[in-house]
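Have a look at the structure below, then the notes.
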Amino acid sequence: MQHTFSRTQLLLGEAAMKTLQASRVAVFGVGGVGGYVVEALVRSGIGALDIVDDDRVCPTNLNRQIIALHSTVGQYKVDVAEARIRDINPHCRVTKHQQFYLPENADAIDLSPFDYVVDCIDTVTAKLELIRRCHALGVPIISCMGAANKMDATAFRVTDITKTKMDPLAKVIRRKLRQLRIPRLKCVWSEEEPLQPLTPAENSPEEETGLHAKRRSIPASNAFVPATAGLITGGEVVKDLLRKAGTYRLTT
């Protein structure tokens, strides 16, 4: 009998689908990259998703974020993402955390129940706190580096943080992790050298009250580079969960 994940099961097998259905994954940041991570995970059959974000959808999100539509502008991203998840797979258990994740409020989210954590945060302090806590708990984490100011969607790589280059965010995180004595971090990064925006961008009223208010400048972006990073990341999470359970179908 045909069902939502029939085509996926043909590729992965029934045991793999049961592994994914039993998995709980947290995605921190559901914007340009994180929204596509969520999309890949829910369409792969992940049984439980926690989504963490404090932003609202604003007009400048429309060029690249899968949850951004004229009909969703002004709504909280976690609310829009939850509705989309449930519309794709009503059986997926969704937990929303409407917060801007920082060291001072990190205790509000217990990371220990997660089978995997996805870091799509774009501020250094928050990324480091999440990575540090996952490392201490032994919770698998994959971290997305910079996807802004890029044009080459084929330049993404999946490696340990120690092997990154060209990525300014990865350079900072790499240095900080050495100081924290955290030797490894799986990450998705681009070896493309970032471009300089042609003109400076001004914050919109919506962005002044959200994540971008904590940045010095607004980065340039497009429809396809963040999406590629998100889909690659989601795919890595699925494969890692299956590898750990011994249900990953090896290919040659």
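With respect to (1) under 20 Å from I141 (Cα atoms); (2) in contact (Cβ under 8 Å) with a residue 60 or more places away in the chain; (3) among the β-branched types (V, I, T), the lone exception for V52 is condition (2).
Between M145, M151, which is touching a helix residue (DSSP H, G or I) at 6+ places or on another chain (Cβ under 8 Å), exposed (fewer than 15 other Cβ atoms within 10 Å of the Cβ) and modelled with pLDDT of 95 or more? Don't jump to the end; show me each part of the working.
Working: M145 fails: exposed (fewer than 15 other Cβ atoms within 10 Å of the Cβ).
Checking each option against the conditions leaves just M151.
Scanning the stretch 74-89 for residues that are touching a Ser or Thr at 6+ places or on another chain (Cβ under 7 Å) and assigned to a helix (DSSP H, G or I) yields a count of 1. When restricted to residues that are more than 25 Å from F5 (Cβ to Cβ), loosely packed, with under 14 Cβ neighbours inside 10 Å and touching a residue at least 12 places away in the same chain (Cβ under 8 Å), the stretch 70-97 contains 1.
State whether one or more residues within the stretch 90-109 are within 26 Å of R184 (Cα to Cα), small (G, A, S) and in a loop (DSSP other than H, G, I, E, B). Lay out the reasoning, then the answer.
Pass one, the stretch 90-109, residues within 26 Å of R184 (Cα to Cα): 100-109.
Retained after the next criterion (residues that are small (G, A, S)): 106, 108.
From what's left, in a loop (DSSP other than H, G, I, E, B): none.
No, because not a single residue in the stretch 90-109 is within 26 Å of R184 (Cα to Cα), small (G, A, S) and in a loop (DSSP other than H, G, I, E, B).
Applying the set (1) at pLDDT 95 or above; (2) in contact with a Lys or Arg (Cβ under 9 Å, 6 or more places away or on another chain) to R7 leaves exactly one unmet item: (2).
Out of everything in the stretch 116-142 that is assigned to a loop (DSSP other than H, G, I, E, B) and more than 15 Å from the chain's Cα centre (by Cα), what residue ends up being surrounded by the fewest Cβ atoms within 10 Å (Cβ to Cβ)?
Initial filter on the stretch 116-142 (assigned to a loop (DSSP other than H, G, I, E, B)): 120-123, 138-140.
Adding the requirement that they be more than 15 Å from the chain's Cα centre (by Cα) leaves 138-139.
Values: G138: 7, V139: 17.
Among residues in the stretch 116-142 that are assigned to a loop (DSSP other than H, G, I, E, B) and more than 15 Å from the chain's Cα centre (by Cα), the one surrounded by the fewest Cβ atoms within 10 Å (Cβ to Cβ) is G138.
Whether a residue is over 12 Å from D50 (Cβ atoms) and aromatic (F, W, Y) was assessed, and Y101 does not pass this test. Restricting the stretch 199-243 to residues that are modelled with pLDDT under 95 and not in a loop (DSSP other than H, G, I, E, B), the residue that is nearest to I46 (Cα to Cα) is L211.
Just the residues that are in contact with a helix residue (DSSP H, G or I) (Cβ under 9 Å, 6 or more places away or on another chain) and among the acidic types (D, E), please, taken from the stretch 36-54. E39, D53, D54 - these are the residues of the stretch 36-54 that are in contact with a helix residue (DSSP H, G or I) (Cβ under 9 Å, 6 or more places away or on another chain) and among the acidic types (D, E). The sole residue among R24, R7 that is surrounded by fewer than 21 Cβ atoms within 10 Å (Cβ to Cβ), more than 10 Å from the chain's Cα centre (by Cα) and closer than 27 Å to A126 by Cβ is R24. The residue of the stretch 42-67 that is farthest from F224 (Cα to Cα), among those that are in a strand (DSSP E or B) and more than 14 Å from the chain's Cα centre (by Cα), is A48. For the stretch 157-185, the tally of residues that are in contact with a helix residue (DSSP H, G or I) (Cβ under 8 Å, 6 or more places away or on another chain) and in a helix (DSSP H, G or I) stands at 9.
The values are calculated or read from the model by the stated rules, or taken from the named source; none is laboratory data. These numbers come from a predicted model, not from an experiment. Note: ideal-geometry Cβ built from the backbone for every residue, glycine included; neighbour counts use all protein chains shown.
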